[in-house]
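A quick write-up on the structure given underneath.
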Amino acid sequence: MSHAVDPQAPAAPPAAEPAAEPAAGDASQGALGLPQATALVVGGVVGTGIFLLPATLAKYGTISILAFGLVTVGALAIAAIFGRLGARVPAAGGPYAYAREAFGEFPGFLNAWSFWITAWAGNAGIAVAWVGYVNYFLHWDSKPGKIAIALVGLWIPALINLSGVKNMGLFQVVTTVLKFVPLMFVAIVGLFFVDSGNFGEFNASGKSFLGALQVSAALVVFAYSGIEAASVAAEKVKDPERNIGRASIYGTLACAAVYMLSTIAVMGTVPHAQLVDSSAPFSDALNNMFGGGVWGGIMAAMAIVSGIGALNGWTMLCAEMPYAAAKDGMFPAPFASVNRAGVPAFGIWVATVLTSVVVAVNYLWSEDAFETILLLATVTTVIPYLFSASAQLFWLVTRERPVSRAALAKDLTIAGVGFLFTLWMVYGAGSDAVLKSLIMLLLGIPVYIWVKASRGEYGPGGKEATYVEDEDVTVDMRD
């Protein structure tokens with residue numbers, strides 16, 4: 001199994017030898033090939049949010065389409081960076097591994113901690129949206145009923161993940177196809193029904209051009225979280241040096257196509273005044289295109305499939321990054337344990353329990369608090385992105401790792417765009433979300449101290465601490 005190494009070690013690529021062992025070991029357990037890895041990316045990015053996004057963006061006007069385009073460029077830059085870094089460091093953990101290799105173990109820990117918060121908090125968001133579509137059929141509107149539905153949505157993917165990578169990958173491919181085909185149907189066929197009179201104003205928010213662009217872009221940002229999925233699960237991906245980059249790019253391009261085209265199709269087929277107040281914009285679009293209420297049920301069913309597929313992929317990611325960090329001594333040791341199926345069971349159990357608690361609290365005390373959770377998750381999402389872009393810039397500028405002179409200018413440009421994009425995303429989340437996310441990030445420091453102390457280690461190299469007792473004085477004998 002691969003381990004990250006001391007960033008002060010010689011420049012020889014430390015991940016080359018460790019990467020070979022998991023590739024062979026995982027193959028017997030059903031490692032993820034390019035289709036499964038791409039499905040993991042698509043399944044993590046496309047959840048239930050896309051089914052509500054056009055209505056959310058409509059109140060800002062068609063300027064949100066421009067914002068969508070700008071965010072898509074940034075997301076593709078981040079995906080390309082993951083591809084380059086996946087070839088440099090084909091180790092489990094993705095952004096965690098990149099930050100640790102480039103900057104040391106403490107920044108690596110903070111990235112793992114930030115991503116871990118994002119994963120289980122984001123799953124709470126997907127679960128709550130999923131409940132709304134399930135209730136299209138069940139109408140379990142009581143709080144206990146909603147909690148029960150959410151728990152089913154959370155624990156089915158958890159059990160699938162616990163059964164092994166092969167089952168998880170198969171389920172991910174199936175759910176990705178089932179949700180992607182109807183979305184592409186709306187995105188493509190809907191364009192033939194577009195009426196320019198339905199779009200409304202370019203800037204319908206009453207804000208300045210930059211203000212409306214910034215806010216609508218911030219709403220789009222979280223929709224792209226998950227593009228790092230293949231890099232996080234690097235040990236489960238066949239030929240990670242090649243397939244991480246290809247899966248990240250292909251998956252992001254596929255999601256961008258669905259997002260952009262479907263948003264335009266829905267905005268063009270549903271009158272602006274109706275779309276702003278819609279709770280099921282895709283259903284309204286299909287009803288306007290073909291007529292008949294049956295389409296609402298079809299789209300609700302697609303949203304259910306989409307949500308369970310997203311939860312399946314994110315449940316895997318909830319465990320994979322802390323698993324990689326725990327193997328390097330950067331997370332509590334139980335996160336490094338695996339079950340008979342070869343998956344990090346402890347991480348899956350803990351993350352699913354935490355998500356279940358967040359969902360229950362949301363329904364029992366304050367359903368409005370959920371929007372705050374999503375904004376927090378947006379900030380914690382982009383912190384690993386920022387460090388990944390920074391790691392790529394670090395290696396390109398310092399030449400500590402091999403650099404292709406022919407591709408240097410292109411790689412520097414992509415890394416620079418990715419870095420600026422992540423800063424823009426943090427700014428777009430708002431000061432309140434940034435402050436609360438910073439507090440949650442700092443809460444990880446005691447965990448880091450506890451992990452290091454439990455291993456008897458200190459310093460960036462993980463050296464052992466030795467002590468000499470002399471009456472009332474304890475001296476730390478460090479070399």
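Structure notes:
- Breaking point among (1) farther than 30 Å from K59 by Cα; (2) crowded, with 16+ Cβ neighbours inside 10 Å, for G251: (1)
- Segment 190-210: number of residues that are part of a helix (DSSP H, G or I) and exposed (fewer than 14 other Cβ atoms within 10 Å of the Cβ): 5
- Filtered by the rule that a residue be surrounded by 20 or more Cβ atoms within 10 Å (Cβ to Cβ) and under 15 Å from V305 (Cβ atoms), segment 130-148 gives W130, V131, Y133, V134.
- Hits in segment 213-248 - residues which are over 19 Å from the mean Cα position of the chain (by Cα) and surrounded by fewer than 22 Cβ atoms within 10 Å (Cβ to Cβ): L213, Q214, V215, K238, D239, E241, R242
- Flag if G342 is under 20 Å from L110 (Cβ atoms), at pLDDT 85 or above and among the small types (G, A, S): no
- T175 falls short on exactly one of the conditions (1) among the hydroxyl-bearing types (S, T, Y); (2) farther than 21 Å from I50 by Cβ; (3) surrounded by 15 or more Cβ atoms within 10 Å (Cβ to Cβ), and that condition is (2).
- Pairs where the first residue, in segment 325-336, is touching a residue at least 40 places away in the same chain (Cβ under 8 Å) and the second is assigned to a loop (DSSP other than H, G, I, E, B) and charged (D, E, K, R), C-beta under 6 Å, 6+ apart: G329/R455
- Residue check, I149 hydrophobic (A, V, I, L, M, F, W, C) and touching a residue at least 24 places away in the same chain (Cβ under 8 Å): no
- Residue match in segment 353-360 (condition: out of contact with any strand residue (DSSP E or B) (no Cβ under 7 Å at 6 or more places or on another chain), crowded, with 24+ Cβ neighbours inside 10 Å, in a helix (DSSP H, G or I) and not small (G, A, S)): yes
Residue-wise test of (1) more than 28 Å from T315 (Cβ to Cβ); (2) under 18 Å from the mean Cα position of the chain (by Cα).
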site: V42; (1), (2): no, yes
site: G47; (1), (2): no, yes
site: I50; (1), (2): no, yes
site: A55; (1), (2): no, no
site: A58; (1), (2): yes, no
site: L66; (1), (2): yes, no
site: L70; (1), (2): yes, no
site: A77; (1), (2): no, yes
site: A80; (1), (2): no, yes
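- Of the criteria (1) more than 19 Å from the chain's Cα centre (by Cα); (2) buried (at least 22 other Cβ atoms within 10 Å of the Cβ); (3) of a type outside the set (A, V, I, L, M, F, W, C), which one P332 fails: (2)
- In segment 54-77, the residues that are touching a Ser or Thr at 6+ places or on another chain (Cβ under 7 Å), assigned to a helix (DSSP H, G or I) and crowded, with 21+ Cβ neighbours inside 10 Å: P54, A55, L57, I63, S64, A67, F68, A75, L76
- When the test is whether a residue is closer than 30 Å to M289 by Cβ, modelled with pLDDT of 85 or more and part of a helix (DSSP H, G or I), I160 does not pass it.
- So V343, is it without any contact (Cβ under 8 Å) to a residue 24 or more places away in the chain, of a type outside the set (K, R) and outside any helix (DSSP H, G or I): no
- Filtered residues of segment 390-443 (kept if of a type in the set (D, E, K, R) and assigned to a helix (DSSP H, G or I)): K410, D411, D432, K436
- Residue check for G164: assigned by TED's automatic domain parsing to the domain that holds T315, closer than 21 Å to L34 by Cα, of a type outside the set (K, R) and in contact with a Leu (Cβ under 8 Å, 6 or more places away or on another chain): no
- Scanning segment 281-300 for residues that are in contact (Cβ under 8 Å) with a residue 12 or more places away in the chain and over 13 Å from T269 (Cα atoms) turns up W295, G296, G297, I298, M299, A300.
- Within segment 448-459, being assigned to a helix (DSSP H, G or I) and touching a helix residue (DSSP H, G or I) at 6+ places or on another chain (Cβ under 7 Å) holds for one residue alone: Y448.
- Restricting attention to segment 397-413 and to residues that are of a type in the set (V, I, T) and within 18 Å of V89 (Cα to Cα), the residue that is modelled with the highest pLDDT turns out to be V397.
- Taking segment 220-306 and the helices (runs of 4 or more DSSP H) fully enclosed by it, the elements with 2 or more residues that are more than 30 Å from Y323 (Cβ to Cβ) and of a type in the set (A, V, I, L, M) are at 240-269, 272-276, 281-290.
- Test: residue in segment 89-106 that is within 16 Å of P384 (Cβ to Cβ), surrounded by fewer than 22 Cβ atoms within 10 Å (Cβ to Cβ) and of a type outside the set (G, A, S): yes
The values are calculated or read from the model by the stated rules, or taken from the named source; none is laboratory data. Keep in mind the model is a prediction, meaning the values are calculated, not measured. Positions of Cβ are generated from backbone atoms using ideal geometry, with glycine treated the same way; all protein chains shown enter the neighbour counts.
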